[in-house]
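Worksheet: the structure to be examined is printed underneath.
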Amino acid sequence: MINKKKLLEIIASALKVKKSKIKENTKSLDIDEWDSLGQLNILSKLDVILDGKTAKIKKLSECYSVNSIYKLLIKHKLLK
């Protein structure tokens, strides 16, 4: 289980951007690096860190904002 701060770090790392560029209200349209490959990197990194539990969340691939990812992970009890 991870917290919100760790989620922001994971997304920044997956997109290879500075942590300061990723905020709670950041959307894919705000970050050039958050393209289809960036989305795959985010999903892959989350899946590794959360021991494969995110692979079962079908709607996660449709989340194109930090807030939507956060809410979905909370819903599935993967974030504290």
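The values are calculated or read from the model by the stated rules, or taken from the named source; none is laboratory data. The structure presented is a predicted model; accordingly, all values stated were derived computationally and were not measured. Here the Cβ positions follow ideal geometry from the backbone for every residue, glycine too, while neighbour counts run over all protein chains shown. We work out accessible area using only protein heavy atoms, side chains counted, and drop any ligands, DNA or RNA first. Shrake-Rupley method; radii C 1.70, N 1.55, O 1.52, S 1.80 Å.
To the nearest 10 degrees, how steeply does helix 36-49 sit against the main Cα axis of the chain, on a 0 to 90 scale?
40 degrees
Relative to the compact-globule scaling 2.2 N^0.38 Å, provide the ratio for the alpha-carbon radius of gyration of the chain.
Ratio of Rg to 2.2 N^0.38 Å for the chain: 0.96.
Where in the stretch 16-42 does the amide nitrogen come within less than 14 Å of the point 7 Å from the Cα of residue 74, taken along Cα to Cβ?
Taking a point 7 Å out along Cα→Cβ of residue 74, the residues of the stretch 16-42 whose backbone N falls under 14 Å are 24-25.
Which distance in Å, rounded to a whole number, links the C-alpha centroids of the stretch 1-19 and the stretch 34-80?
So the separation of the two Cα centres works out to 11 Å.
Karplus couplings for the stretch 62-75 from phi (6.51 cos²θ - 1.76 cosθ + 1.60, θ = phi - 60°), rounded to Hz, Gly and Pro as x?
Per residue, the Karplus-derived 3J(HN,Hα) values read 9, 8, 10, 7, 4, 4, 5, 5, 4, 4, 5, 5, 4, 4 Hz.
Could you work out [θ]222 nm for the chain from helices alone, using -39500 (n - 2.57) per DSSP H run of at least four and dividing by all its residues? Round to the nearest 500 deg cm²/dmol.
Calculated from helices alone, the mean residue ellipticity at 222 nm is -14000 deg cm²/dmol.
How large, in percent, is the carbon and sulfur part of the accessible surface of the chain at a probe radius of 1.4 Å?
Carbon and sulfur: 52 percent of the exposed surface of the chain.
Which pairs break 18 Å Cα to Cα here: 5/77; 27/56; 19/75; 4/77; 5/80; 23/58?
Pairs exceeding the cut-off: 27/56; 19/75; 23/58.
Heavy-atom accessible area per residue, the stretch 20-80, 1.4 Å probe: how many Å²?
67 Å²
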